[in-house]
Amino acid sequence: MLRVFLTAAVAGVIAATTWVIWDRVRGPTATPIAGFSAPFVFGRFAVPPDNPLTEEAFALGRHLFYDPILSGNNQVSCATCHVQALAFTDGLAKSPALPGGELEFSSMSLTNLLWGQERFFWDGRATSLEAQALMPIQHPDEMDQDLGELVTELQASRDYRRMFRKAYGEISAENVTRALSTFMRMLISSDSKYDRFLRGKARLSEQEEHGRKLFMAHPDTKVSLRGGNCIDCHSQFLTSGFRDALDGFSNNGLDSDGDLPDGLMAVTGNPAHKGFFKVPTLRNIAVTAPYMHDGRFETLEEVMDHYNDGIVVSDTLSPLILEADNAPEAGQGTVGLRMTPDEVQSIIAFLHTLTDEDFLTNTQFSNPFEGDS
Amino acid sequence: MKVKVFAQSVLIGAGLLMVGLTPAQSQTREESQGMVLLRGLPTLDTKHSIAIVELDPESDQFGELLSEVEQPDIQHPLHHLYYSPNGRLYSTGLDPSCSLAEIGLSRDSSGTPVIEGFTCLDTQGQIVGEDIMWATSNGQEYMFVTFMGGTGGDDGGSVGVFDTQTNEVVKIIEARKSQVGEGEPYIMYPHGISAFDDRMVVTSTIHPDMATGVGNVLTIIDLNTLEPIQNIVVENEKPLDFPSSPVEVLFARPDMHADIEPAILANTMFGFETWKIPYDTGSKTFGEAEVIYSGVANETAVPLEFYGTEDELFISHGLPGVVKRYELAALPELVSSGPDIVADPGAHHMIFFTSASGRNLIAVQNNLLNLGNAADDDPTDVDFIADLSAHTITIHDLETGERIAEVNFKERYNKGVDNVEGLFGSGFVHHH
């Protein structure tokens, strides 16, 4: 009897040990994301062939995104400046810099990054998410982390050793960026009221529908078509900028030639790109104030005042903005859309339909170090 | 008999709708993947399906079906494909059990297009769905669908007005010839549909059983009241000794091109003609209907579709299988803009797209009908008709018309190809 028991116990121990060893030496597992389905109206997207979307990479990326271990002082995580409830912005005009003071730019919403421009940051200086992810980690004002040190720190963690092994096989700076990119690619917002409207599952109010029409129309006084012209840059379904070439960057009339920041010109060296910035997504725009690359506008009302009659003319101002005028006969004192207060309010009402509560509270995107996951 | 079978086949196989494709303001163009409706051929034991086919001859996957969903339960196949302005995909159908359907599309985690399936919609008894368009009545947008069978009967036919969100029927526009007073406007066997301002036009084509009756008028509908207000006869030569059977219409209008004077263009399936009816915007009246293209004089037959690009209008002619091209800006006159694009017999629906290297291409679907096998006593196996169905999609250079490649669906998939008029994705939106 005892013998039987011992044999069973030994067998059990051997099995457990074998499993532990096997689990440590086996290669990565690539489990496709369960139930993945993207709205087809968002259009085509491509995931780098060497970094497919997998459950393992997503889980790892989510941990890294929320872990201050990524910063030199172990106090700043990506989520410090990219807060889920604020559609992954930080609610500040300009994000705080590590040594004190503030960064040059306002934090950007991380939503639907699978689509839209294939360049990242306000000035488009990163050409892939993978390339982008290393930048804040190493930047002295942001996370100020040495990559070698980061890898050493991660090696010391059993959890990370396991997660990296499952996702990619080994811990490396490159795999950190891959995992972060996978997490960010999965930040898909497609359940706002507008999305449900597109699917035929919700009705917009009269004011929201009026705003939607204005958003989608280029004004043409010849045929009495009133429009806000937004779709010319903020595309119809995603509301982000266009993907092709540099079409997703433009100058929307914030500054005069004298004050115009370099913007995209800093990256391309082309003076025609001076003052060009990335046309951002307007998804969840109601929760991402303040607005523009430097957070200069506090409210959507201020944004609309800008487009309505506050456009500042400069050499590279978008002709689409210069042309779009609902009341050209009203004199040339100001440049803007010259819509009625009702029309402006309708566009703002439409912008509120872009808020996706599900996305802002989805527990799959939340801090894995808190709560039950 | 031949003519009857011919008519039936043309109508079943032929989409005969009138749409143009223009690039939408969208970044989502799927450059070269066509949505096709394939018809199962009973004698070859294949089933109807909706599929996505790669049409770029430069692609390794040229001619491959990237995704396909079969429709085993439907006797007659789906018929036409239309993207709504909000990017939802709809199809009309010839089977009474599915006269109108919404098709589900999505993408998997590699970005690959997936057809998820389709849902047949409640049409409240309206059958034989043909064309769809989205238009506004009193500031509210609706989906308008022509039902050639309408709610049934010898002089049936209806225009269904649907809620664009819920797909529910809001109104059935009907006016039976036998019930309206003498000389009052009627709607019968409607097929083509187009609109400008507050005027909509539908055609009166042929009873779906192909035997009961053939039409020869256009019906004008007032979009304010959603009631028919006028009939316009479009009949002249009768090469087949049948009523003219107008099929597709295009309300040529300034928002297609600023230089266009508004007028209705209509193709007559059995008259082989293209008609023009000028419209006066001020008085909201239509002028004299006149023939501006004669198939008899030009040795073409069965004029079918109207499609537009930014600067040209294309009209397909089933026989001998050509697509004629015209200056868009010159409409409503038909001013040639280049030599015919020589496709295959049955030249019908088409799409415009670019190849990987940026070459502008046009793909023409060549199929009016689908043929059985004489050995099975299938009445559609008639030589004259056989000539009308190549079962191919031919791909041509858009500038020169030069034929570059073809996909033969019958050879490759044992199926007929009924339709190609949309690309996958919402990058192209149909315009009537």
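Here are a few things to note about the model shown:
- In Hz, Karplus ³J(HN,Hα) per residue of the range A:85-100 (6.51, -1.76, 1.60; θ = phi - 60°; x = Gly, Pro): 4, 9, 6, 6, 10, 10, x, 10, 5, 9, 5, x, 8, 4, x, x
- Karplus (6.51, -1.76, 1.60) ³J(HN,Hα), θ = phi - 60°, over the range B:214-226, in Hz, Gly and Pro reported as x: 10, x, 8, 10, 9, 10, 9, 10, 7, 6, 6, 9, 6
- Take every Cα pair under 8 Å whose residues are at least 6 apart in sequence, average their separation, divide by the length of the range A:165-308, and the relative contact order is 12 percent.
- For the range B:31-423, the equivalent ellipsoid derived from the Cα gyration tensor has semi-axes of 30, 24, 22 Å, listed largest first.
- Solvent-accessible area, 1.4 Å probe, carbon plus sulfur percent, for the range A:243-315: 49
- Residue-wise HN-Hα couplings along the range A:254-268, as the Karplus relation 6.51 cos²θ - 1.76 cosθ + 1.60 with θ = phi - 60° gives them from phi, are 7, 9, 7, 3, x, 9, 5, x, 5, x, 4, 4, 4, 9, 8 Hz; Gly and Pro carry x.
- Options A:345, B:33, A:211, ranked by Cα towards positive dipole end of the protein assembly as shown, top entry (Cβ charges): B:33
- With contacts taken as Cα pairs under 8 Å at a separation of at least 6 residues, chain A carries a relative contact order of 20 percent.
- For chain B, averaging the sequence separation of C-alpha pairs within contact (under 8 Å, six or more residues apart) and dividing by the residue count gives a relative contact order of 18 percent.
- Helical mean residue ellipticity (222 nm; -39500 (n - 2.57) per DSSP H run of 4+; nearest 500) of the protein assembly as shown: -5500 deg cm²/dmol
- Buried surface for the A/B pair, taken as the accessible area of each chain alone minus that of the pair with a 1.4 Å probe, is close to 2300 Å² in total.
- Principal-axis tilt of helix A:2-25 within chain A, Cα atoms, nearest 10 degrees: 40
- Amide proton proximity set for residue B:171, modelled H, under 5 Å, gap of 5+: B:161
- Potential lengthening between residue B:209 and residue B:140 on full extension [0.36 nm per residue; Cα-Cα distance subtracted]: 21.4 nm
- The share of Cα pairs per 10 Å bin across the range A:116-242, counted from zero up to the longest distance, runs 11, 27, 23, 18, 14, 6, 1 percent.
- Apportionment of accessible area to carbon and sulfur, chain B, percent (1.4 Å): 45
- Average beta carbon contacts from partner chains per residue of B:106-117, 10 Å cutoff: 5
- Taking amide H positions as modeled 1.01 Å from N, with prolines and chain starts lacking one, the residues under 5 Å from residue A:126 and 5 or more places away or on another chain are A:120.
- Violating pairs (Cα-Cα greater than 28 angstrom) within the set A:213/B:284; A:193/A:278; A:94/A:278; B:47/B:238: B:47/B:238
- Per residue of A:30-40, other chain Cβ atoms within 10 Å of the residue Cβ number 4 on average.
- Average accessible area per residue (Å²) across chain A - probe 1.4 Å, nucleic acids and ligands excluded: 46
- Relative intensity of the range A:193-358 on a log10 scale, I(q)/I(0) at q = 0.10, 0.11, 0.16 Å⁻¹, equals -0.37, -0.45, -0.96, per a Debye sum over C-alpha point scatterers of equal strength in the absence of solvent.
- Ordered from longest to shortest, the equivalent ellipsoid semi-axes for the protein assembly as shown are 53, 35, 23 Å, each the square root of 5 times a Cα gyration tensor eigenvalue.
- Close amide H partners of residue B:118, meaning residues 5 or more places away or on another chain with modelled amide H under 5 Å apart, are B:104.
- The listed peptides A:66-73, A:34-41, ordered by packing as a protection proxy, come out as A:66-73, A:34-41 (highest mean of other Cβ atoms within 10 Å first).
- Averaged over A:234-244, number of beta-carbon atoms from partner chains that fall within 10 Å: 3
The values are calculated or read from the model by the stated rules, or taken from the named source; none is laboratory data. In this text the structure is predicted, and so the values were computed from the model without any measurement. Neighbour counts are summed over all protein chains in view; Cβ atoms, including those assigned to glycine, are modelled from backbone coordinates with ideal geometry. The protein model used for the area step is the full one, side chains on, heavy atoms only, and it has no ligands, DNA or RNA in it. Shrake-Rupley method; radii C 1.70, N 1.55, O 1.52, S 1.80 Å.
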